[in-house]
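Novice: Quick one: structure below, then a few questions.
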Amino acid sequence: MSNILERLEQAVDALAGLSRYPHTDRRAGWLERLALNQPELETFDGLRPVPELGFLTQPCADVAAGGTPPGADADGIAAIARAARSAPGHAGEPAANALSRAQAHQDLKAFISLAEPALVEASAADALQRLRKGDPTPLLGVPFAVKDLMAVAGLPQSGGTGGPAKPPGGTDALAVARLRAAGAIPIGMANLHELAYGITSENPHHGHVVNPLAAGHIAGGSSGGSAAAVAAGIVRIAIGTDTGGSIRIPAACCGVVGFKPTFDAVPRDGVSTLGASLDHVGPIAASVADAALAWAVMAGQPAHVPIRRPLQGMRIGVPREDILAPLADSVANAVAAAVERMRHDGAEVVTIDLPGFEACAALQFITLCSEATELHWERLVERPDTLGADVRMRLEMGMFLPASWYVRAQRGRAALAAMFASVLREVDLIALPTMRTEAPPSGAALVRVADGDIPMHTAATAFTMPFNLTGMPALSLPCGQGRDGLPIGIQLVGARGQDWRVLEVGARLEDLLAVGGA
């Protein structure tokens with residue numbers, strides 16, 4: 001078998017010509033980028049075809065109900081709403097204060113645009129009108145940020161890219177509309193990695209998002225502005241999207257909570273697409289309870305928070321060490337300590353095998369490159385100057401991936417989903433690190449992990465992308481600190497539809513870590 005890069009080098013000219021792509025002077029850059037993804041390409045080239053296509057024809061899983069209504073002692077956003085209902089005349093103050101904080105922290109580049117005070121006041125007035133009509137307002141007066149990838153009435157939408165933004169419209173994305181209907185108030189459009197196609201949120205058009213906990217290290221992406229807004233205390237909740245880890249990676253980098261729900265548990269109406277079969281909408285929040293309450297509203301469920309109960313009888317699956325290697329010692333130690341807290345709380349910890357896990361990066365690369373390039377083809381051909389260098393190169397890569405590879409990748413996804421379903425018949429949840437290391441340095445192409453240097457995308461996405469490929473709910477929450485005090489995230493993952501189980505175990509673990517001083 002000849003080297004796959006040699007075969008691709010022979011094919012790129014023909015493929016670019018077949019696609020009628022006019023910018024063939026970029027050939028050297030294409031080959032350099034393909035060389036960066038050589039491990040994924042070689043892994044994919046060696047995969048045996050799976051007979052069944054399966055994955056794209058699977059129905060979306062029904063999400064089981066759960067949780068409990070916020071009680072009188074609930075804190076976080078539930079407490080903000082409770083205070084607003086007790087003093088309606090001051091219901092708009094939390095949003096006004098959040099807007100002031102956002103304006104004072106413009107150096108973080110967490111927002112691309114902010115709402116005018118008059119628009120925030122109008123949103124507060126609308127929320128109070130809902131209260132007077134007797135509508136449920138479980139989030140009355142709660143301010144929130146929205147990733148600049150979805151429609152918000154009265155605010156422009158840029159997608160984080162160059163060229164003119166969409167002018168302010170009159171409708172909200174459905175997830176935003178549901179939060180508004182519950183009384184919440186949007187204060188601005190959060191910055192992101194351009195088109196949501198990257199993991200650093202170092203945006204060439206709107207500024208590099210600064211990690212509030214660690215200047216000089218990435219805020220994570222693509223929902224970096226959303227995570228930075230929460231970590232800086234501007235808001236307690238923000239909406240993000242997650243195609244390969246874009247909620248959980250910035251949550252881990254910034255020391256906050258990020259929840260990627262079951263695929264399509266939160267509708268994507270009004271949300272710009274990157275990978276149609278991979279995209280998820282979910283919350284980034286200051287606590288698991290805040291994330292759960294916001295998620296329940298966005299998913300059209302009753303406004304509930306997790307039930308916090310001991311983990312007695314819960315079976316927690318932990319992948320074998322070699323499956324997760326390489327892994328920074330600081331991350332391995334923090335996650336092991338968190339798992340030990342769960343064991344002491346009554347959980348049974350089970351070492352699990354994940355056959356096929358090593359193919360995830362290859363399946364993700366083929367799937368996302370194909371879907372994203374098809375979606376953004378017109379911009380790539382007609383307005384490439386509006387794209388940043390890294391995103392343009394990623395989009396160009398999709399030209400060189402045959403359609404048969406895409407179909408083959410979907411068969412691989414079906415096998416991966418079946419493997420995880422089998423594992424989760426033996427354990428209740430899977431616990432693993434969110435990332436291989438702490439937040440990498442800004443601008444780094446390679447990241448030092450254990451005794452070697454690996455590509456940034458491998459360090460960040462290896463443990464998050466499998467659950468976009470399979471549509472499973474996954475929660476990242478802080479579990480300690482590593483080098484230089486950088487936050488570390490642990491990820492809890494459940495079967496499709498078991499979102500509340502994930503959130504309730506996450507809330508219990510959050511309490512256990514707080515008691516232990518992690």
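Novice: Among (1) open to solvent by 40 Å² or more (accessible area, probe 1.4 Å); (2) more than 20 Å from ALA292 (Cβ to Cβ); (3) out of contact with any helix residue (DSSP H, G or I) (no Cβ under 9 Å at 6 or more places or on another chain), there is one condition ALA459 misses while meeting the rest; what is its number?
Specialist: (1)
Novice: Checking the structure you have, find out if any residue of region 157-177 is within 21 Å of ASP75 (Cα to Cα) and open to solvent by less than 10 Å² (accessible area, probe 1.4 Å).
Specialist: Initially, region 157-177 is screened for residues within 21 Å of ASP75 (Cα to Cα), giving none.
No, region 157-177 contains no residue that is within 21 Å of ASP75 (Cα to Cα) and open to solvent by less than 10 Å² (accessible area, probe 1.4 Å).
Novice: Sticking with this structure for a sec: Starting from residues that are in contact with a Phe, Trp or Tyr (Cβ under 6 Å, 6 or more places away or on another chain) and under 16 Å from GLN38 (Cα atoms), keep the ones in region 365-395 and report whichever is most open to solvent (accessible area, probe 1.4 Å).
Specialist: Checking each candidate, the answer is ARG394.
Novice: Being among the basic types (Lys, Arg), in contact (Cβ under 8 Å) with a residue 60 or more places away in the chain and assigned to a helix (DSSP H, G or I) is true for just one of ARG436, ARG394. Which residue is that? I'd like the intermediate steps shown before the answer.
Specialist: On the way: ARG436 fails: assigned to a helix (DSSP H, G or I).
ARG394 is the lone residue from the list that is among the basic types (Lys, Arg), in contact (Cβ under 8 Å) with a residue 60 or more places away in the chain and assigned to a helix (DSSP H, G or I).
Novice: Next question, about the same structure. Considering (1) under 20 Å from GLU40 (Cβ atoms); (2) part of a helix (DSSP H, G or I); (3) open to solvent by 10 Å² or more (accessible area, probe 1.4 Å), say which one ASP453 fails and leave the rest.
Specialist: Checking ASP453 against (1) under 20 Å from GLU40 (Cβ atoms); (2) part of a helix (DSSP H, G or I); (3) open to solvent by 10 Å² or more (accessible area, probe 1.4 Å), the one that fails is (2).
Novice: In addition: With respect to the numbered conditions (1) open to solvent by 20 Å² or more (accessible area, probe 1.4 Å); (2) more than 19 Å from ALA276 (Cβ to Cβ); (3) of a type outside the set (A, V, I, L, M); (4) touching a helix residue (DSSP H, G or I) at 6+ places or on another chain (Cβ under 9 Å), which one is the sole condition not fulfilled by ARG411?
Specialist: Among (1) open to solvent by 20 Å² or more (accessible area, probe 1.4 Å); (2) more than 19 Å from ALA276 (Cβ to Cβ); (3) of a type outside the set (A, V, I, L, M); (4) touching a helix residue (DSSP H, G or I) at 6+ places or on another chain (Cβ under 9 Å), ARG411 violates only (2).
Novice: Could you please let me know if SER370 is farther than 24 Å from ARG413 by Cβ, assigned to a helix (DSSP H, G or I) and small (Gly, Ala, Ser)?
Specialist: Numbers: farther than 24 Å from ARG413 by Cβ: no; assigned to a helix (DSSP H, G or I): yes; small (Gly, Ala, Ser): yes.
For SER370, the condition - farther than 24 Å from ARG413 by Cβ, assigned to a helix (DSSP H, G or I) and small (Gly, Ala, Ser) - is not met.
Novice: Looking at this structure, is ARG448 more than 25 Å from ASP353 (Cα to Cα) and among the charged types (D, E, K, R)? I'd like the intermediate steps shown before the answer.
Specialist: Values: more than 25 Å from ASP353 (Cα to Cα): yes; among the charged types (D, E, K, R): yes.
In short, yes.
Novice: Scan region 422-431 and give yes if some residue there is open to solvent by 10 Å² or more (accessible area, probe 1.4 Å), part of a helix (DSSP H, G or I), among the hydroxyl-bearing types (Ser, Thr, Tyr) and under 20 Å from GLU348 (Cβ atoms), otherwise no. Give the derivation first.
Specialist: In the first step, residues of region 422-431 are kept if they are open to solvent by 10 Å² or more (accessible area, probe 1.4 Å); the result is 422-426, 428.
Filter again for part of a helix (DSSP H, G or I), leaving 422-423.
Keeping just the survivors that are among the hydroxyl-bearing types (Ser, Thr, Tyr) gives 422.
If we keep only those that are under 20 Å from GLU348 (Cβ atoms) as well, we get 422.
Among the residues of region 422-431, at least one is open to solvent by 10 Å² or more (accessible area, probe 1.4 Å), part of a helix (DSSP H, G or I), among the hydroxyl-bearing types (Ser, Thr, Tyr) and under 20 Å from GLU348 (Cβ atoms), which makes the answer yes.
Novice: Give just the number: which of (1) of a type in the set (Asp, Glu); (2) modelled with pLDDT of 95 or more; (3) surrounded by fewer than 23 Cβ atoms within 10 Å (Cβ to Cβ) does ASP484 not satisfy?
Specialist: Only one criterion in (1) of a type in the set (Asp, Glu); (2) modelled with pLDDT of 95 or more; (3) surrounded by fewer than 23 Cβ atoms within 10 Å (Cβ to Cβ) is unmet by ASP484, namely (2).
Novice: Which numbered condition in (1) outside any loop (DSSP other than H, G, I, E, B); (2) within 22 Å of CYS369 (Cα to Cα); (3) open to solvent by less than 10 Å² (accessible area, probe 1.4 Å) is the only one that LEU192 fails?
Specialist: Going through the list (1) outside any loop (DSSP other than H, G, I, E, B); (2) within 22 Å of CYS369 (Cα to Cα); (3) open to solvent by less than 10 Å² (accessible area, probe 1.4 Å), LEU192 breaks only (1).
Residues are listed down the side, and each one gets a yes or a no for (1) touching a Leu at 6+ places or on another chain (Cβ under 7 Å); (2) of a type in the set (Asp, Glu); (3) on the phi < 0 side of the Ramachandran plot:
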| position | (1), (2), (3) |
| --- | --- |
| ILE218 | no, no, yes |
| SER223 | yes, no, yes |
| SER226 | no, no, yes |
| ILE237 | no, no, yes |
| GLY245 | no, no, no |
| ASP269 | yes, yes, yes |
| LEU274 | yes, no, yes |
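Novice: Looking only at region 354-363, decide whether some residue is in a helix (DSSP H, G or I), closer than 30 Å to ASP511 by Cα and modelled with pLDDT of 95 or more. Give the derivation first.
Specialist: Restricting attention to region 354-363, the residues satisfying the condition of being in a helix (DSSP H, G or I) are 357-363.
Filter once more, keeping what is closer than 30 Å to ASP511 by Cα: none.
Within region 354-363 (the criterion being in a helix (DSSP H, G or I), closer than 30 Å to ASP511 by Cα and modelled with pLDDT of 95 or more), the answer is no, since none of the residues qualifies.
Novice: What number goes with the only condition from (1) touching a residue at least 60 places away in the same chain (Cβ under 8 Å); (2) over 27 Å from SER277 (Cβ atoms) that PRO455 does not pass?
Specialist: Condition not satisfied by PRO455: (2).
Novice: Out of all the residues in region 468-511, which are in contact with a His (Cβ under 8 Å, 6 or more places away or on another chain) and farther than 25 Å from ARG425 by Cα?
Specialist: LEU486 - this is the single residue of region 468-511 that is in contact with a His (Cβ under 8 Å, 6 or more places away or on another chain) and farther than 25 Å from ARG425 by Cα.
Novice: Oh, and also: Just checking, which of ALA227, ALA292 is open to solvent by less than 10 Å² (accessible area, probe 1.4 Å) and without any contact (Cβ under 8 Å) to a residue 60 or more places away in the chain? So that I can check it myself, show each step before the final result.
Specialist: On the way: ALA292 fails: without any contact (Cβ under 8 Å) to a residue 60 or more places away in the chain.
Checking each option against the conditions leaves just ALA227.
Novice: Which of the residues belonging to region 295-342 are touching a Gly at 6+ places or on another chain (Cβ under 7 Å), open to solvent by 20 Å² or more (accessible area, probe 1.4 Å), assigned to a helix (DSSP H, G or I) and farther than 26 Å from PRO70 by Cβ?
Specialist: SER330, ALA337
Novice: Is it fair to say VAL235 is surrounded by 24 or more Cβ atoms within 10 Å (Cβ to Cβ) and either assigned to a loop (DSSP other than H, G, I, E, B) or free of Cβ contacts under 8 Å to residues at least 40 places away in the same chain (or both)? First the steps, then the outcome.
Specialist: Working: surrounded by 24 or more Cβ atoms within 10 Å (Cβ to Cβ): yes; either assigned to a loop (DSSP other than H, G, I, E, B) or free of Cβ contacts under 8 Å to residues at least 40 places away in the same chain (or both): yes.
Taking the combined requirement at face value, the residue satisfies it.
The values are calculated or read from the model by the stated rules, or taken from the named source; none is laboratory data. Not measured: the values here are computed from a predicted model. Glycine gets a Cβ as well: all are built from the backbone with ideal geometry, and neighbour counts include every protein chain shown. To get the accessible areas, we keep the full protein, side chains included, count just its heavy atoms, and leave off ligands, DNA and RNA. Shrake-Rupley method; radii C 1.70, N 1.55, O 1.52, S 1.80 Å.
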